[in-house]
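Every number in this text was worked out from the coordinates using simple rules, so none of it is lab data. Just so we're clear, the structure is a prediction, and the values are computed from it rather than from any experiment. Cβ placement follows ideal geometry from the backbone for every residue including glycine, while neighbour counts extend to all protein chains displayed.
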Amino acid sequence: MMAVTSDYESIAPDDYSDEGPCNLDPNPIEVITQTYIHSIICAFGLIGNALVIVTYIYYKRAKTMTDVYLLNVAVADLIFVVALPFIIYNEQHGWLMGMVACKILRSAYSINLYSGMLLLACISGDRYVAIVRARRSFGARSRTLIYSRLICSSIWVFAVALTLPTVIYTELFEEQTLGAGSGAMMCQLRFSMNETAKLMKVLVPSLQMAIGFLLPLSVMVFCYSSIVCTLLRTQSSKRHKAVRVVLAVVVVFIISHLPYNTALLSHTVSLFKERSCEEEKIKLQVLAVSRTIAYLHCCLNPILYAFIGVKFRSHFQQIMLDLWCFSKKYIHTVRSSHGTSDVCTTARMSSEGSNNMSSFSA
């Protein structure tokens with residue numbers, strides 16, 4: 001059994017200073033624990049991001065640049081949480097799906113990483129313009145939805161382009177086991193030349209750290225620092241609440257992604273050095289734990305960026321109310337159904353009449 005691994009964490013068996021083969025497979029307890037945690041991530045990530053998408057499509061609509069960015073973040077996270085259980089199952093039971101599914105599923109994390117992180121940076125930039133540069137941007141943001149869609153499209157194309165090495169070098173092959181004629185089917189990266197392997201094992205993790213973490217982090221720190229300074233100069237209690245929201249967004253981002261990127265950097269630096277088998281096992285365990293923590297961010301994004309908003313919560317409540325009304329329509333009599341319809345109409349009008357929110361409430 002194998003744990004879910006990132007694209008470029010594998011190494012050659014002759015990289016170790018120990019004599020004899022080095023078994024890097026995790027023990028069954030680690031695999032079971034990781035499977036349960038990933039299942040929880042999938043469940044909450046699927047529910048949270050699906051609700052965000054449904055709310056924006058059927059109720060709230062994308063009216064600002066931040067709305068467009070949030071909708072695309074939810075789509076990116078949803079792609080990953082849908083792909084994750086298929087990856088887990090196939091890695092633990094031998095890859096049962098074909099080559100196309102192998103390449104697509106293996107690329108899901110990379111696409112989510114680049115697109116999701118860059119979109120979060122765009123959200124921080126839009127909030128910076130809306131609050132710090134409020135006078136200059138007054139009335140302009142609602143008229144620039146076309147630009148936000150172009151930016152999102154460019155980010156998706158850029159994310160796919162950065163994922164091409166994974167698509168190109170991921171192959172479906174049969175693992176050869178000692179003393180046996182055949183083994184399980186594997187879906188992993190394979191390189192025909194050592195020079196290519198060395199280049200990709202350094203280049204791709206470096207791009208992940210630079211574009212998928214350091215660049216968004218730098219943008220977020222600058223924008224949110226400026227936003228906090230601006231908000232602290234006001235005397236509104238709502239503004240000070242917004243400061244706590246900003247701090248929560250930045251802290252959660254750092255806690256989620258800094259451990260994995262630090263572990264990935266350490267692992268990449270040591271890839272071409274001789275090291276002991278035990279040392280490599282410890283590094284891979286740290287990578288596995290920190291990677292799982294990074295996965296949690298796709299569950300937290302809906303809470304940090306969507307459900308925290310007053311207007312978004314009102315639209316979400318409208319979804320729940322409409323579902324309740326829909327069920328009542330087919331369960332109760334015509335008379336009670338008519339009464340329920342009146343309640344729904346009143347609630348919808350009340351929900352639509354609530355428009356007050358800060359730039360931090362999507």
Segment L232-I282, extension gain: residue separation times 0.36 nm, minus the distance between their alpha carbons: 13.6 nm
Highest mean first, what order results for 279-286, 219-226 on Cβ atoms within 10 Å? 219-226, 279-286
Taking 7 Å along the Cα-to-C-beta vector as the label spot, tell me the M99-Y147 distance in nanometres, rounded to one decimal. 4.5 nm
Once V289 and D322 are pulled to full extension, the length gained, defined as 0.36 nm per residue separation minus their Cα-Cα distance, is 7.8 nm
Checking a compactness column here: for region 213-298, what do you get for Rg(Cα) / (2.2 N^0.38 Å), N being the number of residues? 1.50
Report, in whole Å, the centroid distance computed from the Cα atoms of region 186-230 and region 250-281. 13 Å
May I ask you to derive the FRET efficiency for E195 and I29 from their Cβ-Cβ distance with R0 = 41 Å, giving the value to the nearest 0.05? 0.60
Setting aside same-chain residues fewer than 8 positions from K311, which lysines have a Cα under 18 Å from its Cα? K60, K63, K238, K241
Added length on full extension, which subtracts the Cα-Cα distance from 0.36 nm per residue, F86 to L258: 59.3 nm
Proximal lysines to K273, defined as alpha-carbon separation beneath 28 angstrom and excluding residues fewer than eight positions away on the same chain: K198, K201, K281, K283
Cβ neighbours within 10 Å, averaged per peptide: list 109-119, 202-212 in order, most packed at the top. 109-119, 202-212
